[in-house]
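Peer 1: I'd like to ask some things about the structure below.
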Amino acid sequence: MKIMSALLSSALLVAAPATAQQTAPRADQLAFRDLYQELVETDTTLSAGSCTLAAERMAARLKAAGFGDDKLTLFADPGHPKEGGLVAVFPGTSKTAKPILLIAHIDVVEAKRADWERDPFKMVEENGYFYGRGTLDDKGQAAIWTDTLIRFRKEGYKPKRTIKLALTCGEETNGAFNGAEWLAANKRDLIDAEFALNEGGGGDSDGKGHVIGQSVQVGEKTFANFRLETRNAGGHSSVPVRDNAIYQLARALTRIDEYEFPVEMTDTTRRFFSEAGAARGDETGKAMAALAADPADKAAEAIVNKDRFLHGNIRTTCVATLLDGGHAPNALPQRAGANINCRIFPGHPIEQIKAELEKVIGDPGVTVTQLPPKRPAPPAPPLDPKVIGPMERLVARYWPGLKVIPSMANGYTDATFLGAVGIPTYGIPGIWGDPDGNGVHGLNERVEVKAVYVGRDFMYDLVKAYADKP
């Protein structure tokens, strides 16, 4: 899920009404709500849930709408029977137009009932919001994609492009079975597409009923964890020596802390810094625009670096996240270690960052080991007008006065695996969130009812725009 709401909220000056006042839900919205509720109320946590069951339930919905078994592929790795997923295919009429792929993960972050005000696995509509784990991240999008194909089927829609849907498990848990990774490695032909539409973009509201920004995610960082470790013979604490494993590790960590990876920009981040900076108009905004024009502008960089998100958006970052060492309070440490978490700017192999860390540390007595899982590091997808253009036109129609601002995520999504096998993947605009983050990955996750219903119509129109005009 993206972490950009606060930045876009402060960057964009033009506000548009979120929607006209929603009256009683339409019949098709009530049918969608039933599907959405079933998906949210199917526990898909790694500890106690089943993505396989959720995928089977969505497949049953599609089958009831008229999809044949030959258009539905349920999959699960034998070693991970509860972490399965679904691929559905809606055939197009063109023999030459490449398909589009709609993806969404159906697994969710763990949620403890005792900590929540409401049962996290019961979808509750209250005060204009849907509450429940996954209502926003990412079962809202998964439900909308499934519902979109059902709507197309009921309407007798004949798209030119084939439309594919992949609902997968494992995005929220590093090291667990990942359905998008498995499909990319084992069923590449099944998900083959010119491009894919994913989570990661979206809208931002001011928390008072106005949408103030819409973004499309174009590119994201790769993550990697490295284990730093020092070892020696130790000894009695009454006879300290310079060759102390903890101090040696501390010196290495200090060097990493003091090291700044160089400024980099993709076409996406350059456009984001230019357009969002111009919209802000404050000192930071002017510095953003200046840095977009000249990434070597050190004065502009110094101002931009004061913002934590912006600082990370223009470079690789590596930070210590775990620390351990020693074996007894009265003994010199025989071992000390730390975890370094790196968020790697697009296009850099993990091995390159490992080598750079070793160079920065400058001490062969500190071992640097890359820990699993190892993620691919694909380049950022292009700012393709064929992909971005329909988003821009629809955002202008739904929210007059707003522009679609391309952004790069400091985190990552399943787009990493698709990009690595040649399927450019974009996080789309549409559903909006509040400035406080809506409890995503935390307590009492929620999404505005209007955001879901309007986002559903927007996403339906967006898929049609791509499918009608290859």
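The values are calculated or read from the model by the stated rules, or taken from the named source; none is laboratory data. Note that the structure is a prediction, hence the values are computed from the model and not measured. Neighbour counts run over all protein chains shown; Cβ positions are idealised from the backbone, glycine included. Accessible surface is based on the protein model in full, side chains and every heavy atom, while ligands, DNA and RNA are left aside. Shrake-Rupley method; radii C 1.70, N 1.55, O 1.52, S 1.80 Å.
Peer 1: For region 268-303, enumerate the residues that are surrounded by 15 or more Cβ atoms within 10 Å (Cβ to Cβ), out of contact with any Lys or Arg (no Cβ under 9 Å at 6 or more places or on another chain), closer than 21 Å to Pro346 by Cβ and of a type in the set (Asp, Glu).
Peer 2: Glu301
Peer 1: Six or more apart or on different chains, Cβ under 6 Å: which pairs go from a residue in region 223-248 that's at negative phi to one that's among the hydroxyl-bearing types (Ser, Thr, Tyr) and part of a loop (DSSP other than H, G, I, E, B)? Could you list them?
Peer 2: Final answer for the pair search is Phe223/Tyr412.
Peer 1: Report the residue count in region 426-452 for those that are open to solvent by less than 10 Å² (accessible area, probe 1.4 Å), on the phi < 0 side of the Ramachandran plot and in contact with a Phe, Trp or Tyr (Cβ under 8 Å, 6 or more places away or on another chain).
Peer 2: 6
Peer 1: Just to be sure before I move on: is Ala76 open to solvent by less than 10 Å² (accessible area, probe 1.4 Å), of a type in the set (A, V, I, L, M, F, W, C) and within 26 Å of Asn186 (Cα to Cα) in the structure I sent?
Peer 2: no
Peer 1: If Thr23 satisfies all but one of (1) buried (at least 19 other Cβ atoms within 10 Å of the Cβ); (2) farther than 26 Å from Ala184 by Cα, what's the number of the condition it fails?
Peer 2: (1)
Peer 1: What's the total number of residues in region 335-386 that are in a loop (DSSP other than H, G, I, E, B) and closer than 30 Å to Ser215 by Cα?
Peer 2: Here the count works out to 17.
Peer 1: Now for a separate question. Quick one: in region 197-213, of everything that is in contact (Cβ under 8 Å) with a residue 12 or more places away in the chain, surrounded by fewer than 24 Cβ atoms within 10 Å (Cβ to Cβ) and not polar (S, T, N, Q), which residue is nearest to Gly389 (Cα to Cα)?
Peer 2: His210
Peer 1: Here's another thing I want to ask about it. Check off (1) touching a strand residue (DSSP E or B) at 6+ places or on another chain (Cβ under 9 Å); (2) surrounded by 18 or more Cβ atoms within 10 Å (Cβ to Cβ); (3) in contact (Cβ under 8 Å) with a residue 40 or more places away in the chain for Val108 and give me the number that stays unchecked.
Peer 2: Going through the list (1) touching a strand residue (DSSP E or B) at 6+ places or on another chain (Cβ under 9 Å); (2) surrounded by 18 or more Cβ atoms within 10 Å (Cβ to Cβ); (3) in contact (Cβ under 8 Å) with a residue 40 or more places away in the chain, Val108 breaks only (1).
Peer 1: Of everything in region 51-95, what is out of contact with any strand residue (DSSP E or B) (no Cβ under 9 Å at 6 or more places or on another chain) and within 25 Å of Tyr466 (Cβ to Cβ)? Give them in sequence order.
Peer 2: Passing the criteria: Arg61, Ala65, Gly66, Gly68, Thr93, Ser94, Lys95.
Matching residues to (1) modelled with pLDDT of 95 or more; (2) charged (D, E, K, R); (3) open to solvent by 70 Å² or more (accessible area, probe 1.4 Å):
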site	(1), (2), (3)
Gly49	yes, no, no
Ala64	yes, no, yes
Asp70	yes, yes, yes
Gly92	yes, no, no
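Peer 1: Within region 250-264, which residues are open to solvent by less than 40 Å² (accessible area, probe 1.4 Å) and either of a type in the set (Phe, Trp, Tyr) or outside any loop (DSSP other than H, G, I, E, B) (or both)?
Peer 2: Within region 250-264, Ala252, Leu253, Ile256, Phe261 meet the criteria.
Peer 1: What are the residue pairs meeting all of these: first residue in region 254-275, first residue free of Cβ contacts under 8 Å to residues at least 60 places away in the same chain, second residue part of a helix (DSSP H, G or I) and of a type in the set (Asp, Glu), Cβ atoms under 7 Å, and 6 or more apart or on different chains?
Peer 2: The qualifying pairs are Val263/Glu301.
Peer 1: So which pairs qualify, if the first residue must be in region 138-165 and assigned to a helix (DSSP H, G or I), the second must be open to solvent by 10 Å² or more (accessible area, probe 1.4 Å) and hydroxyl-bearing (Ser, Thr, Tyr), the Cβ gap must be under 6 Å, and the two must be at least 6 apart or on different chains?
Peer 2: Going by the 6 Å Cβ cut-off, the qualifying pairs are Thr148/Tyr460.
Peer 1: May I pose another question? Kindly indicate whether Leu322 is surrounded by 13 or more Cβ atoms within 10 Å (Cβ to Cβ) and either small (Gly, Ala, Ser) or over 21 Å from the mean Cα position of the chain (by Cα) (or both).
Peer 2: no
Peer 1: How many residues are surrounded by 22 or more Cβ atoms within 10 Å (Cβ to Cβ) and in a loop (DSSP other than H, G, I, E, B) if we restrict to region 125-137?
Peer 2: Within region 125-137, residues that are surrounded by 22 or more Cβ atoms within 10 Å (Cβ to Cβ) and in a loop (DSSP other than H, G, I, E, B) number 6.
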